[in-house]
């Protein structure tokens, strides 16, 4: 029994599960409404099953596809108590409730209170809608063994009046995978050298390889790094490929998140909360973490200086290629 199967068994009375011939998905409301997938009998996401069994860490980083309120840092960051990095209970511990299910979809939601670094408290309703979907069009004509896809729609409604001078908020979806020397992230985007926001950690340097129609970022889980993809760059999608498994993942925002984009970065944001505007991000963990993340980011809905909430709809497609050479050819074809 692999870790994914252990998770399904452990959460069978509280989670939503979906199965088809090649894929299995579990949607777990009391793990922050995270989504985990198995494809061809192999667990796809990073999954810390021991943390699932014993959820008592300052940050219960279970893995999977996770719903996160932005920003992380800066004056309005949700992950700081003064200068101390802190994942507050509303994010770390409080469960979602499974509100409805069908054969191929489920809805989870919760009402909670978030507090930002400034001390502003926001009463919010957070909702995730999971639905099985068609694979991304880019893989439809490829010689591929199997594909499957799911869409997650995240929504935050602010239930009391919050002025933007007191806080910002947006949906942020972080999808986490085990890293190795064979895992590479990529972005399909025009003018790639102008598309990246480096306002996170130190510049990744040679880890970035520019192509004509995008770039590749070596995400091997060996050195902490993160990049954003500017909204203005109009990226088509982000993703990763794993040469050891002949596996491709594509993440795309399938409905534009309308509103105001702002700096989500976990740093001091010396130029203020509006100093960056990204709708995709890629995180590379360090040796201790051993994972990387493919992320989508929404915008804040603002009306006359009042923060209203945020929505973000993202589709994740997985595809298994017949061999490593076919996968390399596909990446070369879409980026060159």
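The values are calculated or read from the model by the stated rules, or taken from the named source; none is laboratory data. Only a predicted model underlies this, so the values are computations on that prediction, with no experimental measurement involved. Cβ: placed from backbone, ideal geometry, glycine included. Neighbour counts: every protein chain shown.
Does residue 155 satisfy the condition of being modelled with pLDDT under 95 and assigned to a strand (DSSP E or B)?
On the way: modelled with pLDDT under 95: no; assigned to a strand (DSSP E or B): yes.
Here the answer is no, as residue 155 does not meet what is asked.
Name the residue that is nearest to residue 188 (Cα to Cα), counting only residues in the stretch 268-315 that are touching a helix residue (DSSP H, G or I) at 6+ places or on another chain (Cβ under 9 Å) and not in a strand (DSSP E or B).
The extreme case among them is 277.
For the stretch 241-256, indicate whether the set of residues that are crowded, with 22+ Cβ neighbours inside 10 Å, on the phi < 0 side of the Ramachandran plot, modelled with pLDDT under 95 and part of a loop (DSSP other than H, G, I, E, B) is non-empty.
Checked against the condition, which is being crowded, with 22+ Cβ neighbours inside 10 Å, on the phi < 0 side of the Ramachandran plot, modelled with pLDDT under 95 and part of a loop (DSSP other than H, G, I, E, B), the stretch 241-256 yields no hits at all.
Could you list all residues from the stretch 116-147 that are part of a strand (DSSP E or B) and under 19 Å from residue 173 (Cα atoms)?
Hits for the stretch 116-147 are 124, 125, 126, 127, 128, 129, 130, 131, 132, 133.
What strands (runs of 3 or more DSSP E) lie completely within the stretch 1-95 and have 1 or more residues being free of Cβ contacts under 8 Å to residues at least 24 places away in the same chain?
16-19, 23-28
Answer yes or no as to whether residue 61 is within 18 Å of residue 175 (Cβ to Cβ), at pLDDT 95 or above, surrounded by fewer than 20 Cβ atoms within 10 Å (Cβ to Cβ) and under 16 Å from the mean Cα position of the chain (by Cα).
Judged against the criteria, residue 61 is a match.
Return the residues of the stretch 188-219 that are in a loop (DSSP other than H, G, I, E, B) and surrounded by 18 or more Cβ atoms within 10 Å (Cβ to Cβ); say none if nothing qualifies. Break it down stepwise before answering.
Step one: filter the stretch 188-219 for residues in a loop (DSSP other than H, G, I, E, B), giving 189-191, 195, 198-204, 212-213, 219.
Residues satisfying the conditions are 189, 195, 199, 200, 204, 219.
Would you pick out the residues in the stretch 158-181 that are assigned to a strand (DSSP E or B) and over 23 Å from residue 219 (Cβ atoms)? Don't jump to the end; show me each part of the working.
So in the stretch 158-181, the residues assigned to a strand (DSSP E or B) come out as 158, 163, 170-178.
Scanning the stretch 158-181 gives 158, 163, 170.
Which residue is farthest from residue 282 (Cα to Cα), if the candidates are limited to the stretch 231-240 and must be out of contact with any helix residue (DSSP H, G or I) (no Cβ under 8 Å at 6 or more places or on another chain) and not in a loop (DSSP other than H, G, I, E, B)?
Among those residues, the one meeting the criterion is 232.
Please specify each residue of the stretch 96-108 satisfying the condition of being free of Cβ contacts under 8 Å to residues at least 40 places away in the same chain and part of a strand (DSSP E or B).
Within the stretch 96-108, 99, 100, 105, 107 qualify.
Go through (1) closer than 25 Å to residue 245 by Cα; (2) assigned to a strand (DSSP E or B); (3) in contact (Cβ under 8 Å) with a residue 40 or more places away in the chain one by one and return the number of the condition residue 222 breaks.
Going through (1) closer than 25 Å to residue 245 by Cα; (2) assigned to a strand (DSSP E or B); (3) in contact (Cβ under 8 Å) with a residue 40 or more places away in the chain one by one, residue 222 breaks only (2).
This table checks each residue for (1) over 18 Å from the mean Cα position of the chain (by Cα); (2) on the phi > 0 side of the Ramachandran plot.
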| site | (1), (2) |
| --- | --- |
| 160 | yes, no |
| 174 | no, no |
| 181 | yes, no |
| 205 | yes, yes |
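Look at residue 279 and say whether it is in contact with a strand residue (DSSP E or B) (Cβ under 8 Å, 6 or more places away or on another chain), free of Cβ contacts under 8 Å to residues at least 60 places away in the same chain and buried (at least 16 other Cβ atoms within 10 Å of the Cβ). Can you show your working first?
Working: in contact with a strand residue (DSSP E or B) (Cβ under 8 Å, 6 or more places away or on another chain): yes; free of Cβ contacts under 8 Å to residues at least 60 places away in the same chain: yes; buried (at least 16 other Cβ atoms within 10 Å of the Cβ): yes.
Taking the combined requirement at face value, the residue satisfies it.
Run residue 307 past the list (1) within 22 Å of the chain's Cα centre (by Cα); (2) more than 28 Å from residue 38 (Cα to Cα); (3) modelled with pLDDT of 95 or more and report the number of the one that doesn't hold.
(1)
Looking for whichever is free of Cβ contacts under 8 Å to residues at least 40 places away in the same chain and touching a helix residue (DSSP H, G or I) at 6+ places or on another chain (Cβ under 9 Å) here; the options are 194, 190, 123. Which one fits?
Just one listed residue meets the conditions, 194.
Looking at (1) surrounded by fewer than 17 Cβ atoms within 10 Å (Cβ to Cβ); (2) over 21 Å from the mean Cα position of the chain (by Cα); (3) in contact (Cβ under 8 Å) with a residue 12 or more places away in the chain; (4) within 30 Å of residue 268 (Cα to Cα), which is the only condition residue 143 fails?
Of the numbered conditions (1) surrounded by fewer than 17 Cβ atoms within 10 Å (Cβ to Cβ); (2) over 21 Å from the mean Cα position of the chain (by Cα); (3) in contact (Cβ under 8 Å) with a residue 12 or more places away in the chain; (4) within 30 Å of residue 268 (Cα to Cα), the odd one out for residue 143 is (4).
Mind checking which residues of the stretch 284-311 are surrounded by fewer than 22 Cβ atoms within 10 Å (Cβ to Cβ) and within 30 Å of residue 165 (Cβ to Cβ)?
299, 301, 302, 303, 304, 305, 306, 308, 311
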